[in-house]
1. For the range 8-296, what's the relative contact order in percent, using C-alpha pairs closer than 8 Å and at least 6 residues apart?
2. How high is the FRET efficiency between Glu119 and Glu155 when r is their beta carbon distance and R₀ equals 22 Å, given to the nearest 0.05?
3. With Cβ to Cβ distances under 13 Å as the rule, what net charge do the other residues near Glu155 carry (K, R +1; D, E -1)?
4. Just to confirm a number: summing +1 for Lys and Arg and -1 for Asp and Glu over residues other than Ile117 whose beta-carbon lies under 15 angstrom from that of Ile117, what do you get?
5. Once Lys and Arg get +1 and Asp and Glu get -1 on their Cβ, which of Phe208, Tyr77, Ala246 lies farthest toward the positive end of the dipole of the chain?
6. How would you rank Lys72, Lys136, Lys244, going from fewest to most other Cβ atoms within 10 Å of each one's own Cβ?
7. What is the antiparallel percent of DSSP beta bridges lying wholly in the chain, to the nearest 5?
8. For the pair Val220 and Asn29, what calculated FRET efficiency results from E = 1/(1 + (r/R0)^6), where r is the Cβ-Cβ distance and R0 = 30 Å, to the nearest 0.05?
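No lab work stands behind these numbers, since they all come straight from the coordinates. From a predicted model like this one, the values you see are computed outputs, not experimental measurements. Don't worry about glycine lacking a Cβ; one is built from the backbone with ideal geometry, like all the others, and counts go over all protein chains shown.
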Amino acid sequence: MKQPNAVQLKEVGPRDGLQNEKAIITTENKIELINRLSDTGLDYIEVSSFVHPKWIPQLADAVDVLKGIDRKPGITYAALVPNLKGLERALDADIDEVSVFMSASEGHNKENINKTIAETFPVLREVVQAARAAGKTVRGYISTVVACPYDGYTEPSQVKYVADHLFDMGVQEISLGDTIGVAVPTQVERLLDELLKHYKPEHLAMHFHDTHGTAISNIVASLPYGITRFDSAIGGLGGCPYAKGASGNVATEDVLYLFDTMGIETGVDMQKLLHASQFMEQQMKRPLTSKQMAVFRGEQL
Ligand code: HMG
Ligand code: MG
């Protein structure tokens, strides 16, 4: 199988991992988590979200989190930004990279950001242009790329339609989200067969949730396409409150186990990552779901 020498893990735990958690994690503990992650060798951390605090109360402290962390040189600190109001706050906190987001399906787009797909494009265009003018790089998420909890299966052509608009407005990388974690490798292949007719793999990243335990196989299925950027969350935390049935992201430590064992370079230290995960277990007072944490706790020796 064609495999890369190196890949990049994009840690979304402090954002995607926490946004679905009911019990509020203190700002201090979020800062501690990000500082620990910054010490693992990860070079990309999505730290929070500048969405409406009423929609995602857990991340209402985004500015304080960003201002409180020890920023390490060489690490990109990113956050979600839905509109100009969010961008104002993100720039005030001096975010490195802005991530805009929308869905390939109307149902989830409406539930998640209260707009139709057509209404979303001009809002994001303004954000992308202003962020680029401020010297920031911009990432774009497309959610529900394989299936939507409201509209059913998503055709790859619909993903391409949204991707065309995002690239046209100046987004530099698109992360393809299996928001509800239902995809299997054949569906990922069908999607990438279509998208890679039009875009280069270095402009795409994969974002798998792991509801059905298929995320790792989906990552493996993406490798022959030349994709080298993968989103994951510490401990397997995560989910979207506006996507029924969405569960955690694929766990960073499980993705790291895969790449370490395949001999693919990530630059990330497993022991440090597991200790960061353990710190979150202590804060959340429950075991996290990653396989590597189960091994670490001695449950699968
Ligand atoms: P809306 O209510 O339609 O907003 O929400 P609006 O533009 O009509 O404004 C209403 C009020 O909100 C106004 O205040 C605005 O100023 C204020 P008023 O004038 O009434 O006093 N407002 C804001 N305040 C602070 N920060 C802001 C902001 N925007 C407006 N940014 C909106 C639209 C997009 C804001 C809302 O729907 C929202 O915040 N949604 C976010 C939902 C979310 O965060 N979902 C999870 C992230 S996406 C995800 O998890 C998927 C992903 O992981 C990939 C995958 O897995 O597929 C990325
Ligand atoms: Mg997600």
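1. 19
2. Working: r = 21 Å, r/R0 = 0.95.
Working from the Cβ atoms, E equals 0.60.
3. After counting each charged neighbour, the total is -2.
4. -3
5. Result: Ala246.
6. Lys244, Lys72, Lys136
7. 10
8. 0.35
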